[in-house]
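The values are calculated or read from the model by the stated rules, or taken from the named source; none is laboratory data. These numbers come from a predicted model, not from an experiment. Cβ atoms come from the backbone with ideal geometry, glycine included; neighbour counts cover every protein chain shown. Calculation scope for accessible area: heavy atoms of the full protein, side chains included, ligands and nucleic acids excluded. Shrake-Rupley method; radii C 1.70, N 1.55, O 1.52, S 1.80 Å.
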Amino acid sequence: MTNDHLRTSRRGLFLGAAALATAPRLVFASTEAETRHAADAPIEDAARLSDRIQPYGPHQAGITTPRPANGMIASFHVLADNPADLERLFRRLTDRIIVLTKGGPVPELDPKLPPSDSGILGPVLTPDALTVTVGLGASLFEDRPWLQPAKPRALVRMAQFRNDALIADLCHGDLVIQLCANTQDTVIHALRDIVKSIPDQLVLKWAQAGNVPVISPPPGAPPESARNLLGFRDGSANPDSADASLMDTVVWVGPANDEPDWATGGSYMAVRIIRNNVERWDRTPLLEQERIFGRTKITGAPLDHPHGTEAMAPDFAADPHGKVTPLDSHIRMANPRTPASKANLILRRPFNYVNGVLKNGQLDQGLLFICWQADIEKGFITVQRRLDGEPLEEYIKPVGGGYFFALPGFAEGGDDFLGRTLIAALSPTSQDSSQSGLSTSQAQN
Amino acid sequence: MRMFALTAVAGLLAATGSQAAETLDLVGPVSEYKLFVSEQTDLLVEDTEAFVAAVNSGDVEKAKALFAPTRQHYEMIEPIAELFSDLDVAIDSRADDYEKAEADPDFPGFHRIEYGLWEHNSTEGLTPVADQLLANVQDLQGRIESLPFPPEVVVGGAAVLMEEVAATKISGEEDRYSHTDLWDFKGNFDGSQKIVELVKPLIADQDPAFVRQVDANFAVIDTTLAKYEEGEGYVTYDKLTEQDRVKLAAAVNALAEDLSTLRGKLGLD
Ligand code: HEM
Ligand SMILES: [Cu+2]
């Protein structure tokens, strides 16, 4: 293992002060939060209803933000016939995001009217580390001639991969909202609030909730990635989400990405609802499970450092025939760790889901896979193509999801709102909106 | 339809309702609504007679043709009709309401006949179901006649009809064998709009923005449905484009939100 291997790992880098500057600011009671990463397991007793994550900044919150225990993806049809409609929708969403992530007393109405709030969090909303992240699907642009020219270059409708068995009712959408919070109640409350507040412009298409297990590490122990429903630590090799300059390359759209100006600071989001055949998995020998992933089950250490830690990077070059880490193991196919494959890094921030029982009597459980990247073709699509045919496929079945483009962030105060740069790019008065206004020639920073 | 036991509630509301109406100038609208409901109920009985006759004479095509227009009257007055939960179940329940679904011997009413007509293209075995349907519809007529109309139920009915559409119609589950859902839509919307029109003068001055928004959403529904008119009625629900389904859903959800405040706006509990 060389230093170079560590450089792309979230564990390897000391967290500099600069790293926090562009990340959505987390106002936690404990300072420990500052060293946490996107896919670290939430710590028992560390989460507070008063935890507040600012929604403001150059990027939306909920992407590099350390993942709380609960999350949900909700996908909507959008009703917007012109730029003014779309702006109205974005402004209304922004209003709700500000209210919901801040907390505070719920307005009281005449009791002869339906209450303004579902009430499930009580009369005073608590922020509970809520983040609300909004992404746009290809259909939003493609179905509207006036919006078509502003479509992010790499945004496409999710196509079927080899092992997929997609269910139409669980796929795609004009607009997606990712909700994350410490508790499930806060997530549900936020969804109910948004559905109730914007009934004429957002029609729910599908939603999937998930969560990750909370852990109780001994004092001073390094952070651990949360386990998925196959019992493995998931997130170990993620790029360091606290490293702002790495995130600028891996996650955030910038000048290098050949995207419309308005998209600067946004990010591509791949969502996949992936069923796990957990009964069969639980009947698979441990060594085989570990060979399928290329990591050990208990610690997440790579197979070439079986007594090491999940923070260690495997050295595939030293094992060209896959004697230790099989060539078709999940981690080796997903990231062969060649100089070229650095271009395909993604930030994974998934949740586990549990939906009840399938028709065949087996458990309907799986991974609400969510990953973020500055270019979805180089990121998720390339990685998934590499994974096509992996032995893990025997145990997983992708059934839903979609690709979305998460809007750039918005600033506190002023007249800023989520999606303002997109709306400005559509306006006939904005400079050259039909041509160079939508190119990267004048990247904002 | 809704499977809640609303009969008891109806009695309760009937007892407290009438003074509220006097204080709120609702006497006029409520009695006009009662007239509307009784007209529609008469038409329902009349049309059901013809529908049942067609079923009983084995005329599948005629029965199919009469199914949707007959139901439409029921859908129009659903907020009142469903106050009698026993009859609502008997007239308008769906296969999902029964453990054995279509195979359940207790599955009655319009949708049981719809199932036979469309899925089996036959009236076989439907006579007892049809006769019972007619008896129930006649029973409904009698009960509605002697029902005092509580204003909160009348006004609340505008929203109830939207909830009905949102919960069971938009998915195309209501008339799943015949796909005549758009007729039901039309009945529910007209029933709701009737109520809004009747009370509109009472809120127009105080809340013009509300009235404008409600009217706009009804207009969206009207223009969207108009695209699917055919003959005296509508094309089958599967012809509805995804885009128009979403448009209807958004208008229905927005109306359901807005109309849920109508009772409160009129000072009714
Ligand atoms: C149910 C489905 C999946 C399960 C259970 C799963 C599980 C895992 C596990 C246990 C690891 C090793 C620990 C880690 O680095 O996080 C891992 C790594 C990884 N997975 Fe997955 N994964 C799934 C689907 C996917 C998909 C759909 C993709 C992307 C297309 C993906 C991309 C990756 C990548 C890039 C790595 C890190 C490889 C490395 O850099 O070493 N995984 N996954
Ligand atoms: Cu009904």
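Just the number, please: carbon plus sulfur as a percent of the accessible area of the protein assembly as shown, 1.4 Å probe, no ligands or DNA/RNA counted. Within the protein assembly as shown, the accessible surface is 54 percent carbon and sulfur. Compared with the alpha-carbon gap, the fully stretched path from residue A:321 to residue A:215 is longer by 34.5 nm at 0.36 nm per residue. Across q = 0.14, 0.24 Å⁻¹, segment A:120-164 modelled as identical point scatterers on its alpha-carbon atoms has Debye log10 I(q)/I(0) values of -0.61, -0.88, in the order of the q list.
Rolled with a 1.4 Å probe across the full set of protein chains, the surface gives residue A:48 an accessible area near 110 Å².
Would you kindly calculate the mean projected area, averaged across all directions, of the convex hull enclosing the Cα atoms of segment A:274-314, in square nanometres?
Directional mean of the projected Cα hull area for segment A:274-314 stands at 3.3 nm².
Estimated at the nearest 10 Å², the accessible area of residue B:234 is 30 Å² with a 1.4 Å probe.
Within straight-line reach of residue B:169, meaning a Cα separation under 12 Å, sit the following aspartates and glutamates at least 8 residues removed in sequence or on another chain: B:75, B:181, B:184. Here the translational diffusion coefficient of segment A:315-371 follows from Stokes-Einstein with Rh set to the Kirkwood radius across Cα pairs; for 37 °C and 0.692 mPa s it amounts to 233 µm²/s.
Model label points for residue B:167 and residue B:209, set 7 angstrom from Cα along the Cα-to-Cβ axis, are 3.1 nm apart. For residue A:370, neighbours were defined as the other residues whose beta-carbon sits under 13 Å from its Cβ, and their charges (Lys and Arg +1, Asp and Glu -1) total +3.
Can you list which of the DSSP-assigned H helices in chain B have a Cα extent of 20 Å or more along the long axis and an average Kyte-Doolittle score of at least -0.5?
Values: long enough: B:7-23 (25 Å, 0.70); B:27-56 (43 Å, 0.31); B:60-76 (25 Å, -0.68); B:127-145 (27 Å, -0.20); B:181-203 (33 Å, -0.10); B:208-226 (26 Å, 0.64); B:242-259 (25 Å, -0.03).
Helix filter hits for chain B: B:7-23, B:27-56, B:127-145, B:181-203, B:208-226, B:242-259.
Please tell me which of these pairs span more than 29 angstrom C-alpha to C-alpha: B:194/B:247; B:34/B:227; A:205/B:34; B:64/B:239; A:397/B:247; A:102/A:378? If you can, show how the numbers build up before the last one.
Values: B:194/B:247 21 Å; B:34/B:227 31 Å; A:205/B:34 38 Å; B:64/B:239 18 Å; A:397/B:247 33 Å; A:102/A:378 36 Å.
Going by Cα-Cα distance, B:34/B:227; A:205/B:34; A:397/B:247; A:102/A:378 fall outside the 29 Å limit.
Calculated mean residue ellipticity, 222 nm, chain A: -5500 deg cm²/dmol, from DSSP H runs (n ≥ 4) at -39500 (n - 2.57) each, averaged per residue and rounded to 500.
How high is the relative contact order of segment A:264-390, in percent, counting Cα pairs under 8 Å that sit 6 or more residues apart?
33 percent
Computing Rg and the Kirkwood Rh from the Cα coordinates of segment A:63-204 gives a ratio, Rg/Rh, of 1.01.
Note on the protein assembly as shown: with charges restricted to the Cβ of Lys and Arg (+1) and Asp and Glu (-1), its dipole about the Cα centre is near 3560 debye.
Overall dimensions of segment B:92-178, expressed as equivalent-ellipsoid semi-axes from the Cα gyration tensor (√(5λ), whole Å, largest first), are 27, 19, 10.
Can you give the Kirkwood hydrodynamic radius for the protein assembly as shown, in Å, rounded to one decimal and based on Cα pairs?
Working: mean 1/r = 0.0353 Å⁻¹.
Radius from the Kirkwood sum: 28.4 Å.
Round to the nearest 0.05 the FRET efficiency obtained for residue A:364 and residue A:284 when R0 = 22 Å and r is the Cβ-Cβ distance. Can you show the working numbers first?
Values: r = 19 Å, r/R0 = 0.87.
E(calc), rounded to 0.05, equals 0.70.
Based on DSSP H segments of at least four residues, each scored -39500 (n - 2.57), chain B has a per-residue ellipticity at 222 nm of -22000 deg cm²/dmol. Rounded to two decimals, the Cα-based Rg/Rh of segment B:216-269, with Kirkwood Rh, is 1.13.
Only protein heavy atoms count here; under a 1.4 Å probe, residue A:216 has an accessible surface of about 80 Å². Full extension of the chain between residue B:65 and residue B:239 yields a length gain of 60.8 nm, computed as 0.36 nm times the residue separation minus the alpha carbon distance.
In straight-distance terms, cross-link reach from residue B:200 covers every one of the aspartates and glutamates whose alpha-carbon lies under 14 Å from its own, apart from those fewer than eight places away in the same chain; here that gives B:25, B:32, B:215, B:258. When every Cα-Cα distance of segment B:25-149 is counted in 10 angstrom steps from zero, the calculated P(r) takes the values 13, 44, 30, 10, 3, 0 percent.
Burial of accessible area (probe 1.4 Å, heavy atoms of protein chains only) in segment A:196-227, relative to its chain alone, reaches at least 50 Å² for A:199, A:203.
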